[in-house]
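Below you'll find the structure, written out as structure tokens, and then a few comments.
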Amino acid sequence: MADSEQLRLLKEGVATWNAWRLQHPEIHPDLRDASLAAFDLRGVNLVEADLGGADLRGTDFRQANLSGVNFSKSTIDIFTKYDNVRGCDVGVNGLYSPATDSAALLRIDPPGNSMQGASAEAVLESLRHARKLHTFSLLLAGIAFLFIVIKPKTITLPYLAGSFKFDELSYSFLAMMLSIVLLIQVSSFIESALQGARYLNDRRSAMLVGHFPWLLSKYESAQPNQRQSKIMRLLLVFHPVVYLYFFTKWDLLFTANWDALAQHYMEMSVIFGEYLLPVFYVVLLKLCIHIFSLSEGFQKPILFDTQTERTRRSDMERLAEAVEKQASRTSELVELMRKREA
């Protein structure tokens, strides 16, 4: 249980608490199982404090010094704030203290109408759908890139009842519309996966989601790999910009011939040139930016609490032992009945 005097000092405010900590740096604060829900602890000094089992729902830890804090079995929620904290690593699903190998995880069940919870399988299913749809969008952009490199007059694409022939302009317009539809769904699935990942709280789930083979959701811990990952994710996410090539008169743009460029767009269909193209450009750009920001959300580790894992493993071992004993007794009973019948 938390030290009542220390808890009283903390409730008096951050200024009072920090002044006490300066006077007594040798004391390791004992705040185990304390209810600190909705406390304003911005800038608080909780160095080497024991927050094991504490209720940290809605607590404001922004700019706090949490070096050496024990977080084991403590609870946070989506309203807990921990921007710019010191001494801790921020993960997708909570806070991790390297010094104590403990984590404060978002373990509280979400509201009953949110249809969210701790399910690694649901997260993986969302990522699979997102990857499949995104791959199809990449394929469409790849065909458009072939128009740029090979420069065929037309391209033939098969469908169920035959085939269609497209020139570069008509294909790009169609591919751009399809990409918008696909990327809207990709965005939805990635967002669902990211929200679901926040409720994961065990080693198995962290490993399953963390090793999912898709660059947009893969976390890289090494600094050089992080830079490479960011560049690759930028290329993968912003692939629809290839369609801009076909709707821009590059020779006029490079020579700054604005009158001729404006005339080029005026000669296009009114709906196509003046309304649809700008709308598609803006929608595609916003979708790409949103998807990239979601992929950035996965560039944090999915955490688990070591002490909780040990307890969970012990519970599983006891359960396995009980099942094994029960199976042994059942076998003995069956053998006894066989001898009786004989």
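Here, each number is a calculation from the coordinates, and none is a lab measurement. Not measured: the values here are computed from a predicted model. Every residue, glycine among them, receives a Cβ derived from its backbone with ideal geometry; neighbour counts consider all protein chains shown.
Rounded to two decimals, the Cα radius of gyration of segment 15-115 over 2.2 N^0.38 Å is 1.04.
For segment 137-243, the fraction of alpha-carbon pairs lying more than 17 Å apart is 66 percent, rounded to a whole number.
Loop-located chymotrypsin sites (Phe, Trp or Tyr not before Pro) across segment 21-87 with a Cβ neighbour count of 15 or fewer within 10 Å are F79, with loop assigned by DSSP. Between D40 and I184, the simple spin-label model (points 7 angstrom out along Cα→Cβ) gives 4.3 nm.
The length gained on full extension between V149 and D167, counted as 0.36 nm times the residue separation minus their Cα-Cα distance, comes to 5.1 nm. I'd like the FRET efficiency for H24 and D83, computed as 1/(1 + (r/R0)^6) with the beta carbon distance as r and R0 of 30 Å, rounded to 0.05. After rounding, the FRET efficiency stands at 0.60. Proximity of backbone amide H atoms, modeled 1.01 Å from N, is registered between S74 and G53, A54, L105 at under 5 Å, excluding neighbours fewer than 5 places apart on the same chain.
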